[in-house]
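The values are calculated or read from the model by the stated rules, or taken from the named source; none is laboratory data. Note that the structure is a prediction, hence the values are computed from the model and not measured. Counting neighbours? That spans all protein chains shown, and the Cβs are built from the backbone with ideal geometry, glycine included. What goes into the accessible areas is simple: the full protein's heavy atoms, side chains included, and nothing from ligands, DNA or RNA. Shrake-Rupley method; radii C 1.70, N 1.55, O 1.52, S 1.80 Å.
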Amino acid sequence: MKKGEPLEAFESLSHIQDVYKPSKEVVENSYVKDYDSLYEFSIKENQKFWDDVAKDLEWYRHYDKVLYSEPPFYKWFTGGKINIVHNALDRHVNSSRKNKLAIIWEGEDGTGRSYTYLSLHKEVNRMANILKSFGIKKGDTVTIYLPNIPEIAVSMLACAKIGAIHSVVYAGFSATALKDRIMDAGSRLLITSDGGYRGGKIVELKKIADEALSGTPFVKTVIMVRRTGHDVPFDESRDFYYDELMNRPGIASTFKTEEMDSEDPLFILYTSGTTGKPKGILHVHGGYAVGIYITSKYVFNINDNDTYWCAADPGWITGHSYIIYGPLINGATTVMVEGSPYYPTCDRWWKIIEKHAVNIFYTSPTAIRGIMRFGEELPNKHDLSSLKILGSVGEPINPEVWRWYYKHIGKERCPIMDTWWQTESGMFLITPVPSMPLKPGSCGKPFPGIDADIFDEEGNPAPPEKGGYLVIKNPWPSMMRTIYKDEKRYIETYFSKYKNAYLAGDTAKKDKDGYFYVMGRIDDVIKVSGYRLGTAEIESALITHEAVAESAVIGKPHKLKGNSIKAFVVLKPGFEKSESLLENIRENVGHTLGPIAKPDEIEFVDSLPKTRSGKIMRRVLKAREMGLSEGDLSTIEED
Ligand code: WTA
């Protein structure tokens, strides 16, 4: 935290005393029965621990070395040949899992579909052949802009199968965000759909994609999934229907999976940081597969008969790791659900759990807070007895929300896995395992193999109960390898504050029992409803409006969304402050960056507080907004 920043939030958790011990049955059925001894071994013999894990996967060629370090660059399982799709799909088709359900999908319009491992395998193979027919080959990037429908999984898996790098852009982002991400990745092919459903309305993905593509002439091919069937613009020279391609004569349902080096790139996923330019986080086939395989298994205790539902969107890291790759590598049945939890009825999610007898359910604190508003009557109307384990991710969970989730959804039987991790980490880093006693508001302890700590400003470990910077002191297999095309930014962002420790970007504390409590970000990232947004990105979107001269954005604590977005706007001369102008500026952010980035509040101001060098001091705006002391303001100049 910056000097002068308040730490009240830490104090407010100190009174929490309730501890929830797992039942005998939960412990007996856990893969990890004795966390302490496994953890001790995993740190003492770190490479042996990961080597043992990696042996559960199938490699075309066994690796020569577990870890090759050139800090801050790390390579895992070097010399090995693997493909994550071989482990997530191909090998199950040659086993008793062949006819097991791989994906159960629920559309928001009441339609649904499911895939067995065999049928998913065939669909992915056909898609791989189609991509190849368009000239996509190993090392090329493909951008995917799709809603939460099975074709997003098919597209990602097909890319990985041929060795192409997928770059999924969340379908809640708009034209400029999509364009920037296509440009940075240099994709020649885009996979999108005619739309998707959200809250009973159609999200016009193809129209947004067309707008983005007007600035990216190097995209020569667009494959469009027919999801809604409504009329959308179609460019005969560039656009193809997914279903027509799939049914073309000669498109085979077999495909020889590309044998990749462990360190070959698997995907880029853009995430927000301090500057306006999103960071292309790069993950690779080998280490990523190993990390998400074991975290899914140990934390959700996935068994062969389990039906698992992660209610995130595949467009974010949670969806990549824990809707698609993690559960499939473990041979589980993964549930995908399109659209809103509240449409057509507010108990939609509980109906789905009942209908498919979901055993493991993973969502965000924002979703739980939203659902809590309707009271426990709604979940109580449904049979949730299939549930065994619950999960939470994306933002800190308030203890009272944790208790509600535990009582009314888990019926005091199901442990809650509050998983702390990041796009950059690829996998859970700090999390309980089901056999661990739980404390509401705490994300538990470091996952085996992960040496996490809290540092003060100088890099000394902070004593219990003292807040500081969350760091990871050793590398892990599924860590990002770099920021795509920006090694310098990788080093500066994560490895420059401390020597040999990864700076996560969060503030946190540990209690006397070693439980971690994550408080918030140290950079200009805001978590809004669990979505990761950069204040600089929103500011860039604000100034695309003709009336806006300057802007500054801050996050404000919000009861439902965790944080809300507040924007301060200085108008250009000649523009009059008005309600309609304000609404127009707000809508423009939705149009350029995405509806999730629309400011909740916009305030017109005459000037913004700045340092002498002209940097906007968002910290001061935040302190003022929250009625806190403004710290040292001596370097501020009001224009
Ligand atoms: C926050 C999401 C508290 C944190 C997987 C982190 C959390 C950022 C938790 C990464 C949690 C994630 N408790 N905070 N259980 N999980 N965060 O990249 O600030 O979208 O740094 O990855 O979310 O967000 P990202």
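Here is the figure for region 372-406: residues that are open to solvent by 30 Å² or more (accessible area, probe 1.4 Å), within 16 Å of the ligand (Cβ to nearest atom) and in contact with an Asp or Glu (Cβ under 6 Å, 6 or more places away or on another chain) total 0. TYR469 falls short on exactly one of the conditions (1) more than 16 Å from the ligand (Cβ to nearest atom); (2) on the phi < 0 side of the Ramachandran plot; (3) open to solvent by 10 Å² or more (accessible area, probe 1.4 Å), and that condition is (1). The residue list GLY339, GLY319, GLY375, GLY326 contains one member that is farther than 23 Å from GLU28 by Cβ and modelled with pLDDT under 95, which is GLY375. On the basis of being surrounded by 21 or more Cβ atoms within 10 Å (Cβ to Cβ) and at pLDDT 95 or above, does LYS509 make the cut? Spelling it out, LYS509 is indeed surrounded by 21 or more Cβ atoms within 10 Å (Cβ to Cβ) and at pLDDT 95 or above. Among the residues making up region 517-552, a single one is surrounded by 22 or more Cβ atoms within 10 Å (Cβ to Cβ), more than 13 Å from SER272 (Cα to Cα) and near the ligand (Cβ under 9 Å from one of its atoms): TYR517. MET417 meets all of the listed conditions (1) within 11 Å of the ligand (Cβ to nearest atom); (2) open to solvent by 10 Å² or more (accessible area, probe 1.4 Å) but one, namely (2). Check whether at least one residue in region 450-467 is among the acidic types (Asp, Glu) and under 22 Å from PHE41 (Cα atoms), and report yes or no. Yes, some residue in region 450-467 is among the acidic types (Asp, Glu) and under 22 Å from PHE41 (Cα atoms). Determine if region 591-603 includes at least one residue that is of a type outside the set (A, V, I, L, M, F, W, C), within 16 Å of the ligand (Cβ to nearest atom) and open to solvent by less than 30 Å² (accessible area, probe 1.4 Å). Yes; the residues of region 591-603 include at least one that is of a type outside the set (A, V, I, L, M, F, W, C), within 16 Å of the ligand (Cβ to nearest atom) and open to solvent by less than 30 Å² (accessible area, probe 1.4 Å). Where strands (runs of 3 or more DSSP E) fall entirely within region 141-234, those with at least 2 residues that are open to solvent by 20 Å² or more (accessible area, probe 1.4 Å), farther than 21 Å from LYS122 by Cα and free of Cβ contacts under 8 Å to residues at least 60 places away in the same chain are at 201-203. State which residue is farthest from ILE165 (Cα to Cα) when the search covers only region 241-262 and only residues that are touching a strand residue (DSSP E or B) at 6+ places or on another chain (Cβ under 7 Å) and open to solvent by 40 Å² or more (accessible area, probe 1.4 Å). Going through the qualifying residues, I end up with TYR241. Inspect all residues belonging to region 456-463 and state whether any of them is farther than 27 Å from THR307 by Cα, in contact with a Pro (Cβ under 8 Å, 6 or more places away or on another chain) and touching a residue at least 40 places away in the same chain (Cβ under 8 Å). The answer is no; no qualifying residue exists. Scanning region 323-343 for residues that are within 16 Å of the ligand (Cβ to nearest atom) and closer than 22 Å to GLY370 by Cα returns a single hit, ILE323. Here SER613 fulfils each of the conditions (1) away from the ligand (no atom under 16 Å from the Cβ); (2) in a helix (DSSP H, G or I) apart from (2). Of all positions in region 452-465, at least one carries a residue that is surrounded by fewer than 21 Cβ atoms within 10 Å (Cβ to Cβ) and either within 13 Å of the ligand (Cβ to nearest atom) or small (Gly, Ala, Ser) (or both). Using the structure shown, decide if LYS445 is within 16 Å of the ligand (Cβ to nearest atom) and open to solvent by 20 Å² or more (accessible area, probe 1.4 Å). Taking the combined requirement at face value, the residue satisfies it. The sole residue among SER114, SER119 that is in contact with a strand residue (DSSP E or B) (Cβ under 9 Å, 6 or more places away or on another chain), open to solvent by 40 Å² or more (accessible area, probe 1.4 Å) and part of a helix (DSSP H, G or I) is SER119. LEU560 satisfies every condition listed in (1) open to solvent by 20 Å² or more (accessible area, probe 1.4 Å); (2) touching a strand residue (DSSP E or B) at 6+ places or on another chain (Cβ under 8 Å); (3) of a type outside the set (D, E, K, R) except (2).
So that you can scan it fast, the table gives a plain yes or no per residue for (1) more than 16 Å from the ligand (Cβ to nearest atom); (2) assigned to a loop (DSSP other than H, G, I, E, B):
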residue	(1), (2)
THR345	yes, yes
ILE352	yes, no
PHE361	no, no
VAL433	no, yes
ILE450	no, yes
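Selection over region 553-571 of residues that are in contact with a helix residue (DSSP H, G or I) (Cβ under 7 Å, 6 or more places away or on another chain) and within 11 Å of the ligand (Cβ to nearest atom) gives a count of 1.
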